Amino acid sequence: MSPLWLLRRIAGLLFALVAASAIVFVLMDLLPGDPAEIMLGTNARPDTLAALRAEMGLDRPALIRYADWALGLLRGDFGRSLTYSVPVAELVQERLAVTLPLAMMAIALTLFIALPLGAFAASRRKSLTDSTIIAVTQLGVAIPNFWFAMMLVLVFAISWRLLPSGGFPGWSAGPSAILALILPAIALALPQAAILTRVMRSSLLETLGEDYVRTARAKGLTRAEALRRHAFRNALIPVLTILGLQFSFLIAGTVVIENVFSLPGLGRLIFQAINQRDLVVVRSVVMLLIASIIVINFCVDLAYALVDPRLRGRS
Amino acid sequence: MSALTRPSSSAAHPSLWFGAAMTAIVVLIALVSLVWTPQDPTAMEMTQRLQGPSALHWLGTDRFGRDVLSMAMAGAAISLQVSFVAIAFGMALGVPLGLFAAMRGGVLDEAAMRMSDLIFAFPALLTAIMLRELFGPGALNAMIAIGIFNVPVFARVTYGAALSLRTRDFVTASRLAGKSETLIALDHILPNVLPLLIVQATIQLSLGILAEAALSYMGLGVQPPAPSWGRMLNDAQTLMAVAPRLALVPGLCIVFTVLGLNLLGDGLRDKLDPRLRRRQA
Amino acid sequence: MTLLVLDDLVATLDGAALLRGVNLRVAQGEIVGLVGESGSGKSMTALAIMQLLPERTASTGQILFGGRDLTQTAEAAMCAIRGRDIGLIFQEPMTALNPLKTVGDQIAESFMLHEGLAYAEALDKTRAAMDRVGLADIPATRYPHELSGGQRQRIVIAMAIACRPKLIIADEPTSALDVTTQAQILDLLRSITRESGAALLLISHDLAVVASMADRIAVMKDGRIVEEGATRSFFGAMRDPYAHALYEASVHRPARQPMMNKTAPFFVAENCTRLYRKPSLFRADPQPLRAVDHVSLALSPGESVGLVGESGSGKSTLARALLGLDPLDQGTLTLDGVVLDPARKQDRLRLRRKVQLVFQDPYSSFDPRRTIGWSMTEALGHLTEPVSESDKARRVAALLEQVGLAPDFAGRFPHEMSGGQRQRAAIARALMTDPELIVLDEPVSALDVSIRARILDLLADLQAQHSVTYLFITHDLTLLRAVTDRTLVMQKGKIVEEGPTARLLDEPQHPYTQALVAASPDLPAHVAGLQSDV
């Protein structure tokens, strides 16, 4: 990878983070009016209001406030939660212990299902297996993940009593903590996997029609070898694009699913904070989620270059 | 040879007709619900709480004694309305942005496209959370949040297609015929991008339905007493053990609608895309 | 000894006949040329031999390779034959290689597959194979996108010959390449087959290429071999009317009046320079590419001027600049004594009214969503005074008739017409504003040989009728000789030689022109040579 290329990408990443944080700040801090009043309600006592304004530094110019907040984020200082009276960073850290494993389980499950299944369907094009996979994924794409979650609860928790219907015992509880995340991870992963399976299948079919696959066959490779050695990696490029986009759906999905299962993750934190009008928490957590989407997409960009030498350039 | 290796795929489009029929049913129900539903979907009748299906309430009642069928019908109208307006919003901003960026093709236009890509990092749910303080929770909030996410989607599709069309010989021919860039964009580029936009709009509509459901489930979209599928699901959640029917009905409504739109989109793509693809052959 | 026998080979796909009974023999060490136009089934024949026909293709007949019937050979055994005993070379070097793997790995794969070598040993043999195809100075660790088209085709050849196959099939191996590269690749193929004793089945649409290479020629049409014979006696003894027509079309020279007394030029380009800068937000590219470098030319009424050069020579860029499609970085355009600045809209319109263009690819030169009539009249009202609908229809009908199309073509969509018909319509469109100059950008190179001849006749007729000037951009020297009075040779953005076409081709002065002439297969001369030998 040429250093110039990498430098450009990193510059793009930093620019995106700054722009996104500016958008979040403008939408949540500047436009709605006085944050202190929103947080305390209109009938708050004037002196409490003034105290809060002072604490939040609302008497200072917007630009300074933005810079303060943004630099704070960089240092890991996310401000102080009003309702919990603890640093937001502490809350985030605590909640991340649920959200991060959940998201990773979901992504892993998505890939684990989608890539082999898509490849399998493509290799048996136009067979009964293929059409069945197509039909199932078509249905999977149409199912809202939170409804799917409810149905999973209905079957596995309420009817069969195999898995917990919600809540999280904490990691100290050991295996039961993992059990608590299984249904949420499946609910998140399956609809995503349905999309990705379709992408994998069509991308692989397209690649199998390429001239270089025919070259490989002419060289004496069997159909399966040509698929494995010459089509699979090439077919991953469009899959990567979709995976990057899916990450933003996954983040949104996690927020919703955590609420379905009452999991104490970042998504639940946001909604508790919204109900308690704790803007400091909402703003910082939203920013954190958006930043993670941007960073993941940056990583997808790097992954492109790992897969595709044409993007690397020769140094 | 190329003509032989690709058998004509336009022979039959079963998914197109299935999808069109399913979508038509949903649209019809939504339209009917505007003037007539079996019962008033907002009327609560505490004596009729959690009734099973009956002659009076075909799909039973919820915990406030509201008629589930009527709520589901009215929910279709809300759901379609929100995602339709959101997609129109996304197209109205995204298509011109993509078109002009592609036609002018300068460094600044490229930068504008990069900026619009940044919006991909703002899922509708997070945008809705941020806009909540601005507009308050409600249908408008959902429309704008979903709409904003659709701007870069349509900008990308338009930009990509227009960029490749712009270098094609017939556009050069039009330029040699003395036409201005604006006229070329309207006479040649837009009509050729249109099929792609129609396909994309169908897909985005189905994503919009899903997003709307999630938003109202989370209390960020349509507010009670207006019925919506997402809201109904939220209400049903605590009653899952008692009345799973309440969760099944709106859920299946969503699946039916989204499935119909997806099939329609797939069918349209098969029907419309090969003509665009043949240009490369 | 006979190596390959195709016996009454028939193939059908979904009811459409691909091959209708192909009979062909290839002896050991022999070079057989298979010629045909698009859709004749020549590529299908190659794929049939490899047993790589599209799925669902049904076939009957025999393919005997070294006595073994390949149609009855199991897929696993076939995989052992492909690449080891039969090597296949494809047309498109740009897409025939996997972009994500190094070229070395792709060649090494053959050795590992067929000779059971370990990766390191395979790489050694890969190096030798690359040396053999003239890529001694290219590291095996390169990726395909880092190589030129000619180099990639050499890689494809190295892959095909890696295991020293008994038969090499080359399907249009040079059609995507420049003339000089084509000559080098053909030389390479010839020397490799001769030295290894392999047989070569060379498939091409170009009779000139085949005649210069093959021991025997077979002509294919509609899934059958219609004519076959030893190259030496082939051209004197053609019996099949199609084979005869194909030859006539290949050497066709339209009847045209050469320019006798040239009048003063009406269109003058002086000192034109066009730079290509890499786009950047912050600063100008310090080392722009000089795509067109101080080029001057003057065109007189009614003459036909050729502009020849290979890809990257700048000839298309020059054409775009002359048409005012791209701005000039330097230089002036003068039309009928008036200096025009293409950056100004009024001047641009003036220029376009008098200078029009016919494109190479008839498939993309019409908007697929507009009728031919609509597209033809696009200029009216923009380059001319507004024209009434009935006048438009009348002019369209008149021009369609002139180019040999019925008036009802005005209402057709491009996909309802053949390539040749579209090219006729494109010529009619160019004539709509009564231009003085028409730039013809490779106007027949995308067409089949027989259609090509008719379009050339049409162009000659129209020039006589309208006394319009042609600037004929081409890479084909035979064509140049047939249709132009004067020729400009372009290389690296500069015009390196110019003069009357016949003299320039017979006595080229500049080394580049000499190389071009030497590399171009010349069918009439070749045939004349063959016949004097007999």
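Just the residues that are of a type in the set (V, I, T) and either touching a helix residue (DSSP H, G or I) at 6+ places or on another chain (Cβ under 7 Å) or surrounded by fewer than 18 Cβ atoms within 10 Å (Cβ to Cβ) (or both), please, taken from region C:495-512. Answer for region C:495-512, where residues must be of a type in the set (V, I, T) and either touching a helix residue (DSSP H, G or I) at 6+ places or on another chain (Cβ under 7 Å) or surrounded by fewer than 18 Cβ atoms within 10 Å (Cβ to Cβ) (or both): C:V496, C:T501. When the residues of region A:269-295 are filtered to those that are in contact (Cβ under 8 Å) with a residue 60 or more places away in the chain and under 15 Å from the mean Cα position of the chain (by Cα), the one that is surrounded by the fewest Cβ atoms within 10 Å (Cβ to Cβ) is A:V295. When region B:93-141 is filtered for residues that are away from chain A (no Cβ under 12 Å) and outside any helix (DSSP H, G or I), the ones remaining, listed by number, are B:G105, B:G106, B:G138.
Counting the residues of region C:508-534 that are assigned to a helix (DSSP H, G or I) and either in contact (Cβ under 8 Å) with a residue 60 or more places away in the chain or of a type in the set (A, V, I, L, M, F, W, C) (or both) gives 14.
Tell me, yes or no, whether region A:286-294 has at least one residue that is within 14 Å of chain C (Cβ to nearest Cβ) and over 30 Å from A:G41 (Cα atoms). Step through it out loud before you land on a result.
From region A:286-294, those within 14 Å of chain C (Cβ to nearest Cβ) are none; that's our starting set.
There is no residue in region A:286-294 that is within 14 Å of chain C (Cβ to nearest Cβ) and over 30 Å from A:G41 (Cα atoms).
For region A:92-101, the criterion of being modelled with pLDDT under 95, under 25 Å from the mean Cα position of the chain (by Cα) and not in a helix (DSSP H, G or I) is met by no residue. Number of residues in region B:183-202 that are more than 12 Å from chain C (Cβ to nearest Cβ) and in contact (Cβ under 8 Å) with a residue 40 or more places away in the chain: the value is 8. Inside region C:354-404, residues that are within 9 Å of chain B (Cβ to nearest Cβ), of a type in the set (D, E) and under 20 Å from C:E436 (Cα atoms) make up a count of 1. Take B:S54 and tell me if it is under 21 Å from B:N234 (Cα atoms) and either within 14 Å of chain A (Cβ to nearest Cβ) or among the small types (G, A, S) (or both). It is false that B:S54 is under 21 Å from B:N234 (Cα atoms) and either within 14 Å of chain A (Cβ to nearest Cβ) or among the small types (G, A, S) (or both).
Looking at C:G29, C:G33, which is the one that is away from chain B (no Cβ under 11 Å) and assigned to a strand (DSSP E or B)?
Values: C:G29 fails: assigned to a strand (DSSP E or B).
Answer to the check: C:G33.
Taken together, A:A216, A:A235, A:A224 contain a single residue that is within 13 Å of chain C (Cβ to nearest Cβ), buried (at least 24 other Cβ atoms within 10 Å of the Cβ) and either β-branched (V, I, T) or over 25 Å from the mean Cα position of the chain (by Cα) (or both), which is A:A216.
Look at (1) surrounded by fewer than 20 Cβ atoms within 10 Å (Cβ to Cβ); (2) among the polar types (S, T, N, Q); (3) farther than 20 Å from C:L399 by Cα and you find that C:T371 fails only one, number (3).
In summary, C:L202 fulfils each of the numbered conditions (1) surrounded by fewer than 19 Cβ atoms within 10 Å (Cβ to Cβ); (2) outside any loop (DSSP other than H, G, I, E, B); (3) touching a helix residue (DSSP H, G or I) at 6+ places or on another chain (Cβ under 8 Å) with the single exception of condition (1). Selection within region B:227-268: residues that are in contact with a Gly (Cβ under 9 Å, 6 or more places away or on another chain) and assigned to a loop (DSSP other than H, G, I, E, B). The member of this set that is nearest to the other protein chains (Cβ to nearest Cβ) is B:A243. Restricted to region C:91-189, the set of helices (runs of 4 or more DSSP H) holding at least 2 residues that are over 30 Å from the mean Cα position of the chain (by Cα) and surrounded by fewer than 24 Cβ atoms within 10 Å (Cβ to Cβ) comprises C:103-115, C:119-132. Only residues that are within 11 Å of another protein chain (Cβ to nearest Cβ) and not basic (K, R) were counted in region A:267-285, giving 9. If only residues of region C:54-76 that are more than 14 Å from chain B (Cβ to nearest Cβ) and assigned to a strand (DSSP E or B) are counted, the one that is surrounded by the most Cβ atoms within 10 Å (Cβ to Cβ) is C:I63.
Restricting attention to region A:152-185, which residues are in a loop (DSSP other than H, G, I, E, B) and either of a type outside the set (S, T, N, Q) or under 22 Å from the mean Cα position of the chain (by Cα) (or both)? Steps first, please.
Quick first cut of region A:152-185, residues in a loop (DSSP other than H, G, I, E, B) only: A:160-170, A:174.
Hits for region A:152-185 are A:W160, A:R161, A:L162, A:L163, A:P164, A:G166, A:G167, A:F168, A:P169, A:G170, A:G174.
Does A:L240 qualify as being of a type in the set (A, V, I, L, M, F, W, C), outside any helix (DSSP H, G or I) and touching a Phe, Trp or Tyr at 6+ places or on another chain (Cβ under 7 Å)? Steps first, answer last, please.
Details: of a type in the set (A, V, I, L, M, F, W, C): yes; outside any helix (DSSP H, G or I): no; touching a Phe, Trp or Tyr at 6+ places or on another chain (Cβ under 7 Å): yes.
For A:L240, the condition - of a type in the set (A, V, I, L, M, F, W, C), outside any helix (DSSP H, G or I) and touching a Phe, Trp or Tyr at 6+ places or on another chain (Cβ under 7 Å) - is not met.
The values are calculated or read from the model by the stated rules, or taken from the named source; none is laboratory data. Keep in mind the model is a prediction, meaning the values are calculated, not measured. FYI the Cβ positions are ideal-geometry reconstructions off the backbone, even for glycines, and counts take in every protein chain you see.
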